[in-house]
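The values are calculated or read from the model by the stated rules, or taken from the named source; none is laboratory data. All figures in this text were calculated on a predicted structure; none of them were measured in a lab. As a convention, Cβ positions derive from the backbone with ideal geometry for all residues, glycine included, and neighbour counts pool all protein chains shown.
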Amino acid sequence: MDPHSDPAIETEGLVKVYGGETRALDGISFQVTPGELFGLLGPNGAGKTTAIRILATLLRPTAGTARVVGFDVATRPQEVRRRLGLAMQTPTLDAFSTGRETLELAGRLHGVPATEVRRRTDELLELMGLASVAKKLTGTYSGGMKRRLDLASALVHQPELLILDEPTEGLDPQSRTALWEELERISASGTTMLLTTHYMEEADRLCTRLAIIDNGRIVVEGRAADLKRAIAADTVVLQIEPHSYGGNDDGRVADVRRLLEGMV
Ligand SMILES: Nc1ncnc2c1ncn2[C@@H]1O[C@H](COP(=O)(O)OP(=O)(O)OP(=O)(O)O)[C@@H](O)[C@H]1O
Ligand SMILES: [Mg+2]
């Protein structure tokens, strides 16, 4: 069977119980089609990282199965790892290596030929806006720079599938937007992507499809537009700035309400 005709990710009833008591995943099933940018959206402790660690062959499920790029994670982990790019929630970089050394090592570990490693490293440093700091130790990088270098490491061997655990956590709004644009470019070039986030606007902007996960279960799954339609209408939060309007607060609220009545 040609593995490339399979779903990029297919999980069936994934369960993970830590230490016999914490049920982090409580039967998770979903599919990701090749080329999709799929999101797992959920609050802290929902089970996102646990799901990702199972898909990336770093953790064994208590029950259930997962196939990634056509291979069972339990029986063919090597095949999965070869085709997978992974950036975890906390970037793990060697503080005493430069950005360039980090990417070259990642390339060599993935068995990319030496000349190709150099070419890919140059390309990725440029793409991620890190060319000017390529010779600096990663220990001197800002959080955002570390994130981008970690993402570049995950891309060096041109993986079929990219898995990113909360890729924009801790970034300032400007870096976040820049990274979104980068992820959109990678996705448009044909790489299948699974990312986790707890930012609704991130899932909405980036993901072709998403699953909302809470307490180890998928609550709802679908295209962002369909989910929004099904769950609720848009909400607009209006804040009235103090001192900018004059009069007392009650009066101001009443005035704003009158103005809005004419609009809605
Ligand atoms: N190694 C572990 N040992 C025991 N319990 C764990 C372990 N890792 C995670 N858990 C528990 O499993 C549950 C899910 O954790 P997980 O890290 O998968 O959530 P998450 O959705 O990634 O959260 P966050 O948004 O905070 O990263 C939590 O209750 C957590 O405390
Ligand atoms: Mg997590």
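Of the residues that make up region 24-32, is at least one surrounded by 15 or more Cβ atoms within 10 Å (Cβ to Cβ), of a type in the set (V, I, T), within 16 Å of ligand 2 (Cβ to nearest atom) and in a strand (DSSP E or B)? Give the derivation first.
Going residue by residue through region 24-32, those that are surrounded by 15 or more Cβ atoms within 10 Å (Cβ to Cβ) are 24-32.
Right, trim to of a type in the set (V, I, T) and you get 28, 32.
Cutting the leftovers down to within 16 Å of ligand 2 (Cβ to nearest atom) gives us 28.
Imposing the further condition that a residue be in a strand (DSSP E or B) reduces the set to 28.
Looking for residues that are surrounded by 15 or more Cβ atoms within 10 Å (Cβ to Cβ), of a type in the set (V, I, T), within 16 Å of ligand 2 (Cβ to nearest atom) and in a strand (DSSP E or B), one finds at least one in region 24-32, hence yes.
Identify, by number, the condition in (1) away from ligand 1 (no atom under 16 Å from the Cβ); (2) under 24 Å from P167 (Cα atoms); (3) surrounded by fewer than 17 Cβ atoms within 10 Å (Cβ to Cβ) that I9 doesn't meet.
I9 satisfies all of (1) away from ligand 1 (no atom under 16 Å from the Cβ); (2) under 24 Å from P167 (Cα atoms); (3) surrounded by fewer than 17 Cβ atoms within 10 Å (Cβ to Cβ) except (3).
Quick one: what pairs do we get from region 168-189, first residue modelled with pLDDT under 85, second surrounded by fewer than 16 Cβ atoms within 10 Å (Cβ to Cβ), C-beta under 7 Å, 6+ apart or different chains?
G170/G143
Please pick out the residue among L93, L124 that is of a type in the set (A, V, I, L, M, F, W, C), in a loop (DSSP other than H, G, I, E, B) and either more than 16 Å from ligand 2 (Cβ to nearest atom) or under 19 Å from the mean Cα position of the chain (by Cα) (or both).
Working: L124 fails: in a loop (DSSP other than H, G, I, E, B).
Criteria check complete, one pass: L93.
Only one residue in L37, L41 is more than 16 Å from ligand 2 (Cβ to nearest atom) and within 15 Å of the chain's Cα centre (by Cα). Which one? Don't jump to the end; show me each part of the working.
Details: L41 fails: more than 16 Å from ligand 2 (Cβ to nearest atom).
Matching residue, one of L37, L41: L37.
Please indicate, with yes or no, whether at least one residue in region 83-91 is farther than 30 Å from A131 by Cα, in contact with a strand residue (DSSP E or B) (Cβ under 7 Å, 6 or more places away or on another chain) and surrounded by fewer than 22 Cβ atoms within 10 Å (Cβ to Cβ).
Of the residues in region 83-91, the ones farther than 30 Å from A131 by Cα are none.
The answer is no; no qualifying residue exists.
For residues that are assigned to a loop (DSSP other than H, G, I, E, B) and surrounded by fewer than 23 Cβ atoms within 10 Å (Cβ to Cβ), tally how many sit in region 47-60.
Pass one, region 47-60, residues assigned to a loop (DSSP other than H, G, I, E, B): 47, 56-60.
Subsequent filtering for residues that are surrounded by fewer than 23 Cβ atoms within 10 Å (Cβ to Cβ) retains 56-60.
Count: 5.
Please determine whether any residue of region 203-221 is assigned to a helix (DSSP H, G or I) and within 16 Å of ligand 2 (Cβ to nearest atom). Give the derivation first.
The initial filter retains those residues of region 203-221 that are assigned to a helix (DSSP H, G or I), namely 203-206.
Okay, now just the ones that are also within 16 Å of ligand 2 (Cβ to nearest atom), so 203.
Within region 203-221, one or more residues are assigned to a helix (DSSP H, G or I) and within 16 Å of ligand 2 (Cβ to nearest atom).
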